[in-house]
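For reference, the structure is listed below as structure tokens.
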Amino acid sequence: MLIEVRPYGEADQDGVLDLWSEVFPDSPLWNNPLDDIRRKLGCQPEGFLVAFVNGEVAGTSMAGFDGHRGWIYYVGVLPKFRRLGLGTALMRRAEEYLTTAGCPKLNLQVRMGNTDAVAFYESLGYHVEERISMGKLLWPT
Ligand SMILES: CC(C)(COP(=O)(O)OP(=O)(O)OC[C@H]1O[C@@H](n2cnc3c(N)ncnc32)[C@H](O)[C@@H]1OP(=O)(O)O)[C@@H](O)C(=O)NCCC(=O)NCCS
């Protein structure tokens, strides 16, 4: 099994869209996948990573540094490729990228009840921090 993690390329679009529709089926309306890809390609595109198994798109992550903290989104692996270390490889590559960019701390959000993701992140050294996550849409959908 050949595993590779590298920055997103145009040829990966269909595989990434298929993966996101399977792994994140209940994304909110404002997460239009094509818009999300387009915006990321205009802002630290090298933080957008894709994992491949034998050339097939198998996982993604999307990280960026806002000048104070790093944030990461779209961390997901196709069910058939889980528990093979792909999620870990994506996170480690993202951490390396952010560290090189001068980012001192990486934050992330997990939906309430997603205990599998919490266990995954804890296995990588992340801790639950007592915060309330708030947001506001700046653009109409
Ligand atoms: C969370 C996710 C990305 C993990 O990807 P993965 O490739 O399976 O992760 P890894 O193989 O690198 O797992 C590393 C370790 O994390 C922990 N872990 C991973 N999945 C776990 C699960 N479902 N339950 C408990 N622990 C888990 C284990 O300690 C695992 O090590 P082990 O397999 O040796 O026991 C994947 O399950 C996924 O895509 N989930 C759906 C999308 C999602 O919820 N993403 C997070 C959004 S915040």
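The values are calculated or read from the model by the stated rules, or taken from the named source; none is laboratory data. Given the structure is predicted, the values throughout are model-derived calculations rather than measurements. Here Cβ is always computed from backbone atoms with ideal geometry, including for glycine, and neighbour counts include all displayed protein chains. Protein only, heavy atoms only, side chains kept; ligands, DNA and RNA dropped before computing areas. Shrake-Rupley method; radii C 1.70, N 1.55, O 1.52, S 1.80 Å.
If you take the beta carbon distance between D14 and R39 as r and set R0 to 22 Å, what does 1/(1 + (r/R0)^6) give as a FRET efficiency, to the nearest 0.05? Computed FRET efficiency for D14 and R39 comes out at 0.75. For the range 50-72, the residues whose backbone nitrogen is under 12 Å from a point 7 Å from the Cα of L108, taken along Cα to Cβ, are 60-64, 71-72. The order of W30, W71, W139, W20 by accessible area, most exposed first and with a 1.4 Å probe, is W139, W30, W71, W20. Inter-label distance, I3 to D66: 3.1 nm, where each label sits 7 Å from its Cα along the C-beta direction.
For the range 106-135, GluC sites (Glu not before Pro) are listed when DSSP marks them as loop and at most 10 other Cβ atoms sit within 10 Å of their Cβ; the list is E129, E130.
Give the peptides 44-52, 91-99 in descending order of average Cβ contacts within 10 Å, highest first.
Per-residue Cβ counts within 10 Å, averaged per peptide and sorted highest first, yield 44-52, 91-99.
Ignoring ligands, DNA and RNA, how do V53, V118 rank by accessible area with a 1.4 Å probe, largest first? Don't skip to the end; give the middle numbers.
Values: V53 5, V118 50 Å².
Listed by decreasing accessible area, they come as V118, V53.
With every protein chain present, what is the per residue accessible area of the chain (1.4 Å probe, Å²)?
On the way: 9190 Å² over 141 residues.
On a per-residue basis, 65 Å².
On the range 1-128, 54 percent of the accessible area sits on carbon and sulfur atoms, based on a 1.4 Å probe. Quickly estimate the mean residue ellipticity at 222 nm for the chain, helices only: each DSSP H run with n ≥ 4 gives -39500 (n - 2.57), and the total goes over all residues, rounded to 500. It lands at -9500 deg cm²/dmol. Using a Debye calculation, one point per C-alpha and no hydration shell, please list log10 I(q)/I(0) for the range 6-141 at q = 0.16, 0.18 Å⁻¹ in order. Scattering profile of the range 6-141, log10 relative to I(0): -0.88, -1.15. On full extension, the segment bounded by E22 and A117 gains 32.6 nm, given 0.36 nm per residue less the C-alpha separation.
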